[in-house]
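Accompanying notes for the structure given below.
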Amino acid sequence: METDREADDPRWPKRLYEQGEEPDPRFTLANERTFLAWIRTALALMAGGVGLEALNAVVDRPNPLRTALAVMLLLAGVLCSATAFARWMSTERALRQGRPLPAPRFAPVLGYGLGVIGVAACVLLFVTGI
């Protein structure tokens with residue numbers, strides 16, 4: 001049976017806030033800042049992809065490798081933003097239930113993926129000079 005406090009709680013997703021106990025607000029706010037950092041990273045990746053493709057549009061001979069890099073950056077940004085909320089929610093759930101924090105599953109993918117994109121960008125620079 002819901003208490004008055006649970007029934008009046010406007011927070012979403014309700015299924016998360018119905019679990020466990022309220023954690024220390026400092027931990028919840030730190031989790032929120034981490035979520036926002038992932039969102040900023042996603043925006044930066046997408047901006048990089050758009051910028052790279054814009055460069056491709058103004059050169060005499062568009063390069064398919066440049067387009068591929070732009071698409072990879074855009075997809076990395078989309079994936080980063082899509083996983084940011086899931087990461088926030090699993091961390092908040094662990095905080096509320098007093099469990100260990102989940103391991104960052106997307107961080108290695110992002111790190112290695114951007115490493116590959118960086119190497120491909122260097123190859124592109126050496127091959128085309130642009």
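What follows draws every value from the coordinates through simple rules; no lab data is involved. Worth saying up front: this structure is predicted, and the values here are computed from it rather than measured. Please note: Cβ atoms are built from the backbone with ideal geometry, for glycine as well, and neighbour counts cover all protein chains shown.
The sole residue among L73, L69, L45, L114 that is surrounded by 16 or more Cβ atoms within 10 Å (Cβ to Cβ), touching a residue at least 12 places away in the same chain (Cβ under 8 Å) and over 17 Å from the mean Cα position of the chain (by Cα) is L69. Here L79 qualifies as surrounded by fewer than 18 Cβ atoms within 10 Å (Cβ to Cβ), assigned to a helix (DSSP H, G or I) and in contact with a helix residue (DSSP H, G or I) (Cβ under 8 Å, 6 or more places away or on another chain). Restricting segment 83-100 to residues that are surrounded by 12 or more Cβ atoms within 10 Å (Cβ to Cβ) and free of Cβ contacts under 8 Å to residues at least 24 places away in the same chain, the residue that is farthest from G20 (Cα to Cα) is A86.
Select from segment 94-118 the residues that are assigned to a helix (DSSP H, G or I) and over 20 Å from C80 (Cα atoms) and list them in ascending order. Walk me through how you get there before you give the answer.
Residues of segment 94-118 that are assigned to a helix (DSSP H, G or I), as a first pass: 94-97, 106-118.
Result: A94, L95, R96, Q97.
So for segment 57-66 (the condition being part of a loop (DSSP other than H, G, I, E, B) and of a type in the set (S, T, N, Q)), does at least one residue qualify? Checked against the condition, which is being part of a loop (DSSP other than H, G, I, E, B) and of a type in the set (S, T, N, Q), segment 57-66 yields at least one hit. If I filter segment 13-30 for residues that are under 19 Å from P108 (Cα atoms) and either in contact with a Leu (Cβ under 7 Å, 6 or more places away or on another chain) or of a type outside the set (V, I, T) (or both), do I get at least one hit? Within segment 13-30 (the criterion being under 19 Å from P108 (Cα atoms) and either in contact with a Leu (Cβ under 7 Å, 6 or more places away or on another chain) or of a type outside the set (V, I, T) (or both)), the answer is no, since none of the residues qualifies.
Matching residues to (1) polar (S, T, N, Q); (2) touching a Pro at 6+ places or on another chain (Cβ under 6 Å); (3) over 18 Å from T83 (Cα atoms); (4) in a helix (DSSP H, G or I):
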| position | (1), (2), (3), (4) |
| --- | --- |
| R15 | no, no, yes, yes |
| E21 | no, no, yes, no |
| A30 | no, no, no, yes |
| T34 | yes, no, no, yes |
